[in-house]
Amino acid sequence: LYVEPKQRKQGIGEELIRVVTEKARSMGYPKLYLLAFDKTLPDWYQKLGWQMIGLDELNGHSVSVMGIAL
């Protein structure tokens, strides 16, 4: 998920997350996971109901692993 800086603070990210989680729920998925590369994003995702699972590394980059039950 990426929203251009000029388009931020308009609810676009929240709407994208809402649509994806609703679609996954309707398809019968019990949980979704994501990797957050930016250290500021876990707080934002937690406000949307996501939970921190832990930290990992991907291609030399530190990432936060998060999940949400559907």
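The values are calculated or read from the model by the stated rules, or taken from the named source; none is laboratory data. These numbers come from a predicted model, not from an experiment. As a convention, Cβ positions derive from the backbone with ideal geometry for all residues, glycine included, and neighbour counts pool all protein chains shown. For accessibility, only protein heavy atoms count, side chains too; no ligands or nucleic acids. Shrake-Rupley method; radii C 1.70, N 1.55, O 1.52, S 1.80 Å.
Please state the charge dipole magnitude for the chain, taken about the Cα centre, from unit charges on C-beta atoms (+1 on K and R, -1 on D and E), reported in debye and rounded to the nearest 20.
Working: 9 positive and 8 negative charges, 48 e Å.
Dipole size: approximately 220 debye.
For the chain, what is one quarter of the convex hull surface built on the Cα atoms, given in nm²? Working shown, then result.
Values: hull surface 20.2 nm².
Over every viewing direction, the Cα hull of the chain projects on average to 5.1 nm².
Pick out, from Ser26, Phe37, Asn59, the residue whose Cα sits farthest towards the positive end of the charge dipole of the chain, with +1 on the Cβ of Lys and Arg and -1 on the Cβ of Asp and Glu.
The listed residue farthest towards the positive side: Ser26.
Which is the longest stretch in the chain that no exposed loop site breaks, taking sites as trypsin sites (Lys or Arg not before Pro) with a DSSP loop state and at most 13 other Cβ atoms within 10 Å?
Within the chain, the longest run free of exposed trypsin sites (Lys or Arg not before Pro) spans 40-70.
Could you provide, to the nearest whole Å², the per residue accessible area of the chain with probe 1.4 Å?
Working: 5410 Å² over 70 residues.
That works out to 77 Å² for each residue.
Provide, for the chain, the number of lysine pairs with alpha carbons under 19 Å apart, each pair being eight or more places apart or on different chains.
Summing the qualifying lysine pairs gives 5.
To the nearest 500 deg cm²/dmol, what mean residue ellipticity at 222 nm is calculated for the chain from DSSP H runs of n ≥ 4 alone, each contributing -39,500 (n - 2.57), summed and divided by the residues?
Helix-only estimate at 222 nm: -9500 deg cm²/dmol.
Tell me the net charge near Gln46. Cut-off is 15 Å between Cβ atoms, Gln46 excluded, with +1 for each Lys or Arg and -1 for each Asp or Glu. Let's see the in-between values first.
Details: positive: Lys39, Lys47; negative: Glu14, Asp38, Asp43.
Within the 15 Å Cβ shell, the charges total -1.
Restricting to DSSP loop positions (anything but H, G, I, E, B) with no more than 13 other Cβ atoms inside 10 Å of their own Cβ, which chymotrypsin sites (Phe, Trp or Tyr not before Pro) remain in segment 16-70?
Of the chymotrypsin sites (Phe, Trp or Tyr not before Pro), the ones in loops of segment 16-70 whose Cβ has at most 13 other Cβ atoms within 10 Å are Phe37.
Carbon-plus-sulfur fraction of the accessible area of segment 6-45, 1.4 Å probe, in percent?
The C+S portion of the solvent-accessible surface of segment 6-45 is 58 percent.
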